[in-house]
Amino acid sequence: MADVSNLKRRILTGDRPTGKLHLGHYAGSLLNRVRLQDDYETYILLADVQALTTHFQSPQLIRDSIFEVAIDNLSVGLDPEKATFIQQSQVPAIAELTVLFSLLVPVNVLRHNPTIKTEARQYGYTDLTYGFLGYPVSQAADIVFLEADLVPVGDDQLPHMELTKKIVRRINELYHAGLKEPMELLSPVPRLKGLDGGAKMGKSAGNAVFLSDDEALLERKIAAAKTDTARIRKTDPGHPEICTIYAYHRAFNDSSCPEICESCTKGTIGCRDCKQLLAARLNGILAPVREKRRYYEQHTDLVRDIIVTGTETANRIGNDTVMKIKEAMSLSL
Ligand code: TRP
């Protein structure tokens, strides 16, 4: 009888290790990964080379963040028995495929990539490095080396998915390589706002609640978050639809939302109480996460093992893929 585990479809998703993960990652991608790991062969790429495209001056930060991000993933419930963790820089197949794929990608396609443009603006780049401009090509290699079926991503990654599919089609057309075309799996939840009311909770924007924050810090951050600025006294009618705290209630405390919405609109609950409700709920959600984190923080050798073993598995798969593509491209004697 066929081994059913071999028939499971493969998921690959990645994080740039440039800092610790926060509640936005939790709601937007981590929870989804935890659900998916039961039904798919799950691979999590710690994209350290991609992180260096913007943080090449901080290699130590990247190195520390590899552990942080792996522990963030493990502490929310990714199970090392089900999910394979990969350190990108230790997979030569990705570097090799990046070079081969780069033959087929016009520079202007990269220059017009909307995510590259946005990030270049965010980082204030006027003159882009070859590595930064080309990271979407390397991201295609991340996905193809593993022959992933599905790639869970946020909408900012869609241009990279389009490029990946184009590269795969082109390689199949030109060289009959028979590569699998991957599909994106768009995150089911909208982006979480920052504590400052900004459009996005960000790793380095100073507006995030990190998964590694303790209870007291979480309470302080929530207490200082921006709410409906038109509301000065408790009895002033509030506008939940524009309030960051209410957006968090929606994301993490949905069943209490009708009641909170009503009492805010009527001016019967104050922002302080509303924030305390939220902080208590978040601390409840994070209690088991913090417990797991403590375990892994005390067993960093185990975390290292998980990454090293996972990377070995990735290399076995990657070497086969590279051989297949090189043969198709007549790069063997
Ligand atoms: N670019 C992704 C991000 O910034 C990280 C990433 C790297 C990734 N390689 C990937 C995501 C491969 C999906 C698949 O979040």
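The values are calculated or read from the model by the stated rules, or taken from the named source; none is laboratory data. None of the values given here were measured: they were computed from a predicted structure. Positions of Cβ are backbone-derived with ideal geometry, glycine not excepted, and every protein chain shown enters the neighbour counts. To get the accessible areas, we keep the full protein, side chains included, count just its heavy atoms, and leave off ligands, DNA and RNA. Shrake-Rupley method; radii C 1.70, N 1.55, O 1.52, S 1.80 Å.
For the reader, a short list of remarks on this structure follows.
- Breaking point among (1) within 24 Å of L21 (Cβ to Cβ); (2) open to solvent by less than 90 Å² (accessible area, probe 1.4 Å); (3) in contact (Cβ under 8 Å) with a residue 60 or more places away in the chain, for K200: (2)
- Residue check for T18: surrounded by fewer than 22 Cβ atoms within 10 Å (Cβ to Cβ) and either outside any helix (DSSP H, G or I) or charged (D, E, K, R) (or both): yes
- Residues located in segment 30-72, provided they are among the hydroxyl-bearing types (S, T, Y) and crowded, with 21+ Cβ neighbours inside 10 Å: Y40, T42, Y43, S65
- Qualifying residues in segment 308-332 (those that are hydroxyl-bearing (S, T, Y) and assigned to a helix (DSSP H, G or I)) - the one nearest to the chain's Cα centre (by Cα): T311
- Against the numbered list (1) within 16 Å of the ligand (Cβ to nearest atom); (2) buried (at least 18 other Cβ atoms within 10 Å of the Cβ); (3) closer than 20 Å to T244 by Cα, V189 comes up short only at (2).
- Within segment 79-138, the set of residues being open to solvent by 30 Å² or more (accessible area, probe 1.4 Å), of a type in the set (A, V, I, L, M) and within 27 Å of R9 (Cβ to Cβ) comprises A95, L104.
- Residues of segment 145-162 classified as within 8 Å of the ligand (Cβ to nearest atom) and outside any loop (DSSP other than H, G, I, E, B), total: 6
Residue-wise test of (1) touching a Lys or Arg at 6+ places or on another chain (Cβ under 8 Å); (2) of a type outside the set (A, V, I, L, M, F, W, C); (3) at pLDDT 95 or above; (4) more than 23 Å from R294 (Cβ to Cβ).
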site: A2; (1), (2), (3), (4): no, no, no, yes
site: T13; (1), (2), (3), (4): yes, yes, yes, yes
site: I71; (1), (2), (3), (4): yes, no, yes, no
site: K82; (1), (2), (3), (4): no, yes, yes, no
site: Q88; (1), (2), (3), (4): no, yes, yes, yes
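- Flag for A314 being touching a residue at least 12 places away in the same chain (Cβ under 8 Å), surrounded by 15 or more Cβ atoms within 10 Å (Cβ to Cβ), over 21 Å from K20 (Cβ atoms) and not polar (S, T, N, Q): yes
- Restricting segment 163-186 to residues that are within 13 Å of the ligand (Cβ to nearest atom) and open to solvent by 20 Å² or more (accessible area, probe 1.4 Å), the residue that is farthest from the chain's Cα centre (by Cα) is M183.
- Boolean, L128 is under 16 Å from V105 (Cβ atoms), part of a loop (DSSP other than H, G, I, E, B) and either within 11 Å of the ligand (Cβ to nearest atom) or without any contact (Cβ under 8 Å) to a residue 40 or more places away in the chain (or both): yes
- The residues of segment 30-46 that are out of contact with any Leu (no Cβ under 9 Å at 6 or more places or on another chain) and closer than 27 Å to F252 by Cβ, listed by number, are L31, R35, D38, D39, L46.
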